[in-house]
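A.B. asks: I have a structure here, written as structure tokens, and I will follow up with some questions on it.
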Amino acid sequence: MPNALYPPLKPRSFAELLDAVLQIFRLSLLKCLPYATLATIAAQLWSLYYVVRGLQPELDVNDPVAVAIHGVGTLVFVMLAAALLLRQSSIAAGRPVAGPADLLNTLKRAPAIVAICLLAGAAAAVLMMPALALAPPYRTAGIIVMLAPTIYIGIALSFAVPALMLARKGVLGSIAYSFRLVRGNWWRVAAMYGVGMGVILTLWMLVATIIAVASTNDPADDAAISRAVSSAAVLAVLAIGLTFYSALTLALFGDLEVRRATSR
């Protein structure tokens, strides 16, 4: 029997929305974890490039190879994250999931996804440029002041890619649709994102504590094994966190759509 996790049948309360996020996450975790894991690895390719060379993983903008790897890794991450969202939407709607259909559909929309990301990045850059142009003594204060409008725009644009993938809007239509969905619901969306960040940070701190305790108890001979286990644990946390964040985005997107439909 198809479930009604996505799209929802009616607007949800805050508690119902959290419950929907957890249900989508639980139902989709195993089927979405491959995409999330590959996306996480892609995002870290630039750091692996430095580690393999025996260097500290700090991105050097003057290193063209590292910058290129970072760019390609980011692009792959975005595509896989979008495919993950498509797969979760199918699972939440009770539709069968088989093969790489969601990834192929994402690749068909790749130019539009890139365009949306570039426009969103340009909007953030425009907002932050005046602060960055200030003299050093005032730059930090300027950045802090401009964080508020940047965060506002970031949240308002956060459903542009879901609008492209799920509502089949165009590039500019997706951006406008995201703004319309968030309008009047900004604090609700911000609160949900805050809860999501809290869950992910709590998981991260728990794993970091376990790794720290295990490292102090390991003899020097087991240092390499400890590092390998720690790296695998970090990768797992990031992949699980990405899957959870995608479930949160999907649940929020569906809720905002039904709220907009019922308010007309």
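Only the coordinates and a few stated rules stand behind these numbers; no lab work does. Note that the structure is predicted; figures quoted are calculated from it, not measured. Here the Cβ is made from the backbone with ideal geometry for all residues, glycine too, and neighbour counts use every protein chain on show.
A.B. asks: Among the lysines, select those whose C-alpha is under 19 Å from the C-alpha of Lys169, and discard any that sit fewer than 8 residues away in the same chain.
C.D. replies: Lys108
A.B. asks: I want to verify the translational diffusion coefficient of the range 1-51 in µm²/s; compute it with Stokes-Einstein, Rh as the Kirkwood radius over Cα pairs, at 10 °C and 1.306 mPa s. If you can, show how the numbers build up before the last one.
C.D. replies: On the way: Rh = 13.5 Å.
After rounding, the answer is 118 µm²/s.
A.B. asks: Given R₀ = 30 Å, what would the calculated FRET efficiency be for Leu119 paired with Leu48, taking r from the Cβ atoms and rounding to 0.05?
C.D. replies: Taking R0 as 30 Å, the efficiency between Leu119 and Leu48 is 0.55.
A.B. asks: Still on this structure, I have one more. Taking a cut-off of 28 Å, what percent of all Cα-Cα pairs in the range 14-256 are separated by more than that? If you can, show how the numbers build up before the last one.
C.D. replies: Details: 12149 of 29403 pairs.
Of all Cα-Cα distances in the range 14-256, 41 percent exceed 28 Å.
A.B. asks: Which residue, Val78, Val182, Val229, tops the fluctuation ranking in a GNM of the chain built on C-alpha contacts under 10 Å?
C.D. replies: Val229
A.B. asks: Is it possible to state the helix-based mean residue ellipticity at 222 nm for the chain, with each DSSP H run of 4+ residues giving -39500 (n - 2.57), the sum divided by total residues, to the nearest 500 deg cm²/dmol? What is it?
C.D. replies: On the way: 10 runs with 210 residues, N = 264.
About -27500 deg cm²/dmol.
A.B. asks: Another question, then. Between Ile41, Ile113, Ile210, where does the largest GNM mean-square fluctuation fall for the chain, given springs only between Cα atoms within less than 10 Å?
C.D. replies: Taking springs between Cα atoms under 10 Å, the residue moving most is Ile210.
A.B. asks: Would you be so kind as to identify which of Ser28, Val52, Pro136 lies farthest towards the positive end of the dipole of the chain, taking Lys and Arg as +1 and Asp and Glu as -1 on Cβ and the Cα centre as origin?
C.D. replies: Among Ser28, Val52, Pro136, the one farthest towards the positive end of the dipole of the chain is Ser28.
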